[in-house]
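Worksheet: one structure, shown below.
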Amino acid sequence: MRNLVKKSIAILALLGIFAQVNAQDSFIYQDTILKGEDGKSAKVYVGVPLLIVKDLGKEVKVSIKGYIFGDEVYNTKTKDLLIAKIDNGFKVNKKDEQVELIGTLSKELVSADLGDIWSEHEEFYFEMCTQCHAGPEVNHHTMMEWEAIFGTMKGFAKLDEEEASYLLRYLKSNSSDGLVKTKH
Ligand code: HEC
């Protein structure tokens, strides 16, 4: 009996850990400003994964990791995708090769619902990119492949610069090695 209780407690503890991990599997809902502890801020972009460090009621304290080059933070060392741009003086924690940005955000700007986060981008993608062929599966290409393909296709779809960067962020974030990493 005592063993059973012990086992149950161990299992509950494990479940607790998993539930926590899932709860922290969240992303930035739309381009926004992350408020740092020192009054400085950083621009962070839609779809960027984050860890919720602390629930502050209406706001959450979050951690975002990446590789820093000057004031720009990328998801990889090869600068595949810009995930944040920091103010002069924004303090970052160095963690091995990576840096960690800590700051607060309104809870409404954090979501685990990827379908909801990307729904407008997806709509725009199908509108712009299915005029000549069926919409290619976004996660069938890597970030680098999308960068290359997009060079030609943005001209084909007659996108202006703003539309192009909006769509390219969607494609890269949802690519096979993207921020979402969903491989169907
Ligand atoms: C005006 C017509 C047209 C539009 C609009 C268009 N494409 Fe294409 N697309 C093509 C043609 C033609 C090809 C095949 C020839 C080529 O690869 O250049 C192609 C090929 C592709 C391929 C396959 C390339 C490969 O190497 O596997 C992808 C992926 C793609 N398009 C994505 C897009 C995306 C994303 C958009 C929207 C931004 C888009 N296309 C808009 C005409 C178009």
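Laboratory data are not the source of any read-out in this text; all were calculated from the coordinates shown. None of the values given here were measured: they were computed from a predicted structure. We place every Cβ from the backbone using ideal geometry, glycine too, and count neighbours over all the protein chains shown.
Building the convex hull from the alpha-carbon atoms of region 96-184 and averaging its projection over directions returns 7.6 nm².
Expressed as a rounded percentage, what relative contact order does region 25-110 have, with Cα pairs under 8 Å and six or more residues apart?
Reported as a whole number, the value is 34 percent.
Strictly over 21 Å apart at the Cα level, which of K35/K94; K43/K172; K35/K107; K91/K172; K61/K95 would you flag in this model? Going by Cα-Cα distance, K91/K172 fall outside the 21 Å limit.
Restricting the calculation to Cα atoms, every distinct pair contributes to the Kirkwood radius of region 31-184, found to be 16.5 Å.
A simple spin-label model places pseudo-atoms 7 Å from Cα toward Cβ; at K158 and D177 they are separated by 3.5 nm.
Filter the GluC sites (Glu not before Pro) in region 82-142 down to the DSSP loop ones having no more than 11 other Cβ atoms within 10 Å, then list what survives. Kindly include the intermediate steps, with their values, before the conclusion.
On the way: sites: E97, E100, E108, E120, E122, E123, E127, E137; in loops: E97, E137.
Sites meeting the loop and neighbour criteria: E97, E137.
The trypsin sites (Lys or Arg not before Pro) of region 29-84 that DSSP puts in a loop, and whose beta carbon has at most 16 other beta carbons within 10 Å, are K40, K58, K77, K79. Restriction of the trypsin sites (Lys or Arg not before Pro) in region 86-155 to DSSP coil positions whose beta-carbon has at most 13 other beta-carbons within 10 angstrom yields K91.
Remark on I83: its backbone amide H falls under 5 Å from those of V73, Y74, N75, a criterion applied only to residues 5 or more positions apart or on other chains, H modelled at 1.01 Å from N.
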